[in-house]
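Working notes, structure below.
Throughout, read-outs are computed from the coordinates displayed, never taken from laboratory work. Just so it is clear, the model here is predicted, and its values are computed rather than measured.
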Amino acid sequence: MNLIEESRVIEMAWEDRTPFEAIQLNFGLAEDDVIKLMRKNLKRNSFELWRTRVSGRKTKHLKLRSSAVERGYCQAQYKQRTAKSR
């Protein structure tokens, strides 16, 4: 896995609505592998904050997710790009 792919996996893991199954589908990494990647690449405190936040979070696991959650991300999460910023 190259640095760009690792960066994207870390970004997806931080996103509350992106389930681990989406990471596995796109990058072939199971939840345990994502945890190892996060532990390796984050500072200890950042890793612990992340683990606390995602542990048991229903939106991070498709089987626990409510059917009302239709997207893998929150629309407010991404900033709109303007022609100037491209």
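Less than 5 angstrom separates the built amide H of ARG17 from those of CYS74, all sequence-distant by 5 or more or on a different chain.
Residues whose amide H comes within less than 5 Å of that of LEU29, counting only those at least five positions distant or on another chain, are GLN24 (H built at 1.01 Å from N in the peptide plane). Full extension of the chain segment joining GLU21 with ARG51 gains 9.1 nm, where the gain is 0.36 nm per residue of separation less the Cα-Cα distance.
For region 42-47, the Karplus equation 6.51 cos²θ - 1.76 cosθ + 1.60, evaluated at θ = phi - 60°, returns couplings of 9, 5, 3, 5, 5, 4 Hz by residue, with Gly and Pro reported as x. Here the 3J(HN,Hα) profile of region 18-31, calculated from phi with Karplus coefficients 6.51, -1.76 and 1.60 at θ = phi - 60°, is 8, x, 4, 5, 5, 5, 5, 5, 7, 10, x, 9, 6, 3 Hz, Gly and Pro shown as x.
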